[in-house]
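Participant: I'd like to ask some things about the structure below.
The values are calculated or read from the model by the stated rules, or taken from the named source; none is laboratory data. Because the structure is a prediction, the values reported are computed rather than measured. Glycine gets a Cβ as well: all are built from the backbone with ideal geometry, and neighbour counts include every protein chain shown. Just so you know, the surface numbers come from the protein's heavy atoms only, side chains and all, with ligands and any DNA or RNA stripped out. Shrake-Rupley method; radii C 1.70, N 1.55, O 1.52, S 1.80 Å.
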Amino acid sequence: MRRGITRASAATLELTAPPASRVVDDVRLRIRDRLVSDLATSIGELALGEQVEITLPLLRRAVAHPEPPAAREEPFAWKPIFVRRSLGLALVNACATGRFRSPCEGAGPVAADAVTEWRRTGWRTFHWEPWFAGLPLGARAVVLADAVGWASAVWSSFDWSGFAALPQIGGADDQWTCPALRTIRLKARSEMRVPLTTSGPAPRGDQCATRQVALVSVSGGSPADGWPDELAYLALVAGLGSPSRPVPARVMGLWPDAGLRLTVDIDESALEGAAARVSDAVKTFVGARLSVDAPC
Amino acid sequence: MAALGEAWSDPWRPLAGPALLERLRVTGRPRPKADPEFVHRIRHHLDEELSTDLAGDSSGRHHIPSETDEGSAGAEERGQAISRLPPLVVTKGRLNRVLACDAHHPDAGFGERAPTTAMACGAIVDVLFRQLVCVGAIGDPMVDGLAALAVDDRQTGLASWIERLPASDREELRAEVERQAEGLRHRWPALEGSWLPRTQESMRVQLAAGSIELSARVDLVIGRPAEDEASVAIVEVKSGARRAEHRADLHFYALVEALRSCAPPFVVATYYTRTGELDVDPVTEELLVGAASRTLIGARVLRDLADGADPRRVPDGLCGLCAVMPERGPGRAHVEGSGGQDVTR
């Protein structure tokens, strides 16, 4: 670490550096076509109407635990860990916009505002509002504390004054649906999107649509073998899902538990690596599903 | 003599509020500089020693990527060099158990301890402490504590055990929890939000090409990540009595934090909620080197045991299981060594 440049400002500089390259549309199209072909072959044995959804956690699981799940998944029930990211992102946003000085200060008010708004309008911005509102104080504290820990790690990872424009924090997942007989949907979730500027003024409004962006992904634990493909997966899905926008220029991964920050600049080979990983994961997934369905 | 008499008549009182905070903040030693080169040397030593062990392993269980033996690897190279096999996880508890008596280590694996009232009290006080730091208030301690345990997947077994306690045991637990919660309310200082207080922070460091993972979860971390000077304080909360291994736990935390952040915490401390005592350890290079040596020894023993080696059958005064399981060989020797006295009391 160089003196005078803090770890947070180094991360911000690394994230916002001018793009190293730009993936042209021909390349994007070629990678898309090859992926469609590979996936169509892989899922040929599945019954018509079957759906496959690939996410980053599933992509990771396909390598770490390729065996089929031992038991049926439990029905969904809210837990603090499911609130951590969305409330954490709201806290980071509240700090980035100057509403609070730190996630710890903002946790109570931001959660209370969400519940108040839900009660007033019936609209669930985060979905967890009714569950959170019904929790006793002790359980609420766990939810808030988890979110504060998550948000503090993200908040302290960057020098927020170093961003030319406020990054988009959270937002909708990127999605791409493969045009095949059986539905394959790729979903990717980034924690931040940062517009990149080569020179000139910061982008505003629709200009963002034509500027390249950098994505930030936050994960628990430690990075596993193949982390570059996993980060590039986020750019692949964003690039395929929004063909009118440039492919993201880079993806930065944060592993706060391990204190690691790793970055992938997105070029043709990065996207190809991610696409190959998707093909492998779908093969694994289909194999696991067929083995579960097979008669004993 | 009068002064001495006054000193005796003025009993010790636990620190509270700003004084407690000051004791944490001002350790009497200069804060260590953030020295990535020093931390890198410790990591390199651990990597090299543990990788050398693996290279000599003929079981085929371990996989070492060849590109990782440089030691000068930066974060990216470290990230690339992760073994495909699940790592051997080294925690403070596993280190303590295996270094105290590796014969009893297999009896005390992850999450296999039978619940006790003391364990229940500790879990509840932990969540109440977390609540106090994050929300700034505790309502009915037992109600809040049980509500918190109920939403934690790792604690549902303990929560249900508490619910099934006989009324008298439950009342005893409630009394102790309320007593400790009262102490927390009165003594624990409010923390500025700008210090980024975070609770139950998970810390992981992979070594030897990802074959070993040091893992810790600390009760409280205060301070922004270090830049030029160590700026983070780590506090562990204990609801029980002071034990010899608590200092070693703190040193392990200091090591893991130093390795993951390239800067050590400036202080590690244990706060005893039962008495209000605060044990403070300023972090020094010597402390980190000592923690690294201890961790290296423990990690080797853990790995040998995982590979099927016979445990040392040596009784140890620090092993609680030797003391309470005298029917077992090491335990019998332990009791005989203490003249047949019950050393657990």
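Participant: Output the residues belonging to the stretch B:111-146 that are within 9 Å of chain A (Cβ to nearest Cβ) and touching a Ser or Thr at 6+ places or on another chain (Cβ under 6 Å).
Facilitator: B:130, B:133
Participant: Do we have any residue at all in the stretch A:20-29 that's loosely packed, with under 15 Cβ neighbours inside 10 Å, without any contact (Cβ under 8 Å) to a residue 12 or more places away in the chain and of a type in the set (Gly, Ala, Ser)?
Facilitator: No, that holds for no residue.
Participant: For a quick check of your reading: which helices (runs of 4 or more DSSP H) sit entirely within the stretch B:14-91 and have at least 1 residues that are at pLDDT 90 or above?
Facilitator: Answer list for the stretch B:14-91: B:17-25, B:36-55.
Participant: Every residue in the stretch A:250-279 that is open to solvent by 40 Å² or more (accessible area, probe 1.4 Å), among the acidic types (Asp, Glu) and within 14 Å of chain B (Cβ to nearest Cβ), please.
Facilitator: A:265
Participant: Within the stretch A:4-27, work out how many residues are of a type outside the set (Gly, Ala, Ser) and in contact with a Phe, Trp or Tyr (Cβ under 9 Å, 6 or more places away or on another chain).
Facilitator: 3
Participant: Take residue B:248 and tell me if it is surrounded by fewer than 22 Cβ atoms within 10 Å (Cβ to Cβ), assigned to a helix (DSSP H, G or I) and either at negative phi or out of contact with any helix residue (DSSP H, G or I) (no Cβ under 8 Å at 6 or more places or on another chain) (or both).
Facilitator: Judged against the criteria, residue B:248 is a match.
Participant: State the number of residues belonging to the stretch A:219-249 that are touching a strand residue (DSSP E or B) at 6+ places or on another chain (Cβ under 8 Å), over 21 Å from residue A:177 (Cβ atoms) and within 13 Å of chain B (Cβ to nearest Cβ).
Facilitator: Residues in the stretch A:219-249 being touching a strand residue (DSSP E or B) at 6+ places or on another chain (Cβ under 8 Å), over 21 Å from residue A:177 (Cβ atoms) and within 13 Å of chain B (Cβ to nearest Cβ): 8 in total.
Listed here are the residues, each with its yes/no results for (1) more than 29 Å from residue B:265 (Cβ to Cβ); (2) open to solvent by less than 20 Å² (accessible area, probe 1.4 Å); (3) within 8 Å of another protein chain (Cβ to nearest Cβ).
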residue	(1), (2), (3)
B:167	yes, no, no
B:180	no, yes, no
B:191	no, no, yes
B:212	no, yes, no
B:231	no, no, no
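Participant: Could you pull out the residue among B:224, B:217 that is open to solvent by 20 Å² or more (accessible area, probe 1.4 Å), within 11 Å of chain A (Cβ to nearest Cβ) and under 22 Å from residue B:35 (Cα atoms)?
Facilitator: The conditions single out B:224.
Participant: Look at residue A:40 and say whether it is under 14 Å from residue A:276 (Cα atoms), surrounded by 14 or more Cβ atoms within 10 Å (Cβ to Cβ) and either away from every other protein chain (no Cβ under 14 Å) or in contact (Cβ under 8 Å) with a residue 12 or more places away in the chain (or both).
Facilitator: For residue A:40, the condition - under 14 Å from residue A:276 (Cα atoms), surrounded by 14 or more Cβ atoms within 10 Å (Cβ to Cβ) and either away from every other protein chain (no Cβ under 14 Å) or in contact (Cβ under 8 Å) with a residue 12 or more places away in the chain (or both) - is met.
Participant: Got at least one residue in the stretch B:252-270 being open to solvent by 10 Å² or more (accessible area, probe 1.4 Å) and assigned to a strand (DSSP E or B)?
Facilitator: No, the stretch B:252-270 contains no residue that is open to solvent by 10 Å² or more (accessible area, probe 1.4 Å) and assigned to a strand (DSSP E or B).
Participant: Does any residue of the stretch B:115-137 turn out to be open to solvent by less than 40 Å² (accessible area, probe 1.4 Å), within 20 Å of residue B:248 (Cα to Cα) and at pLDDT below 90?
Facilitator: no
Participant: Just give me the residues in the stretch A:147-161 being more than 8 Å from chain B (Cβ to nearest Cβ), part of a helix (DSSP H, G or I) and of a type outside the set (A, V, I, L, M, F, W, C), in sequence order.
Facilitator: Matches in the stretch A:147-161: A:161 only.
Participant: Check the stretch A:55-73 and report whether any residue there is within 23 Å of residue A:281 (Cβ to Cβ), modelled with pLDDT of 90 or more and part of a loop (DSSP other than H, G, I, E, B).
Facilitator: yes
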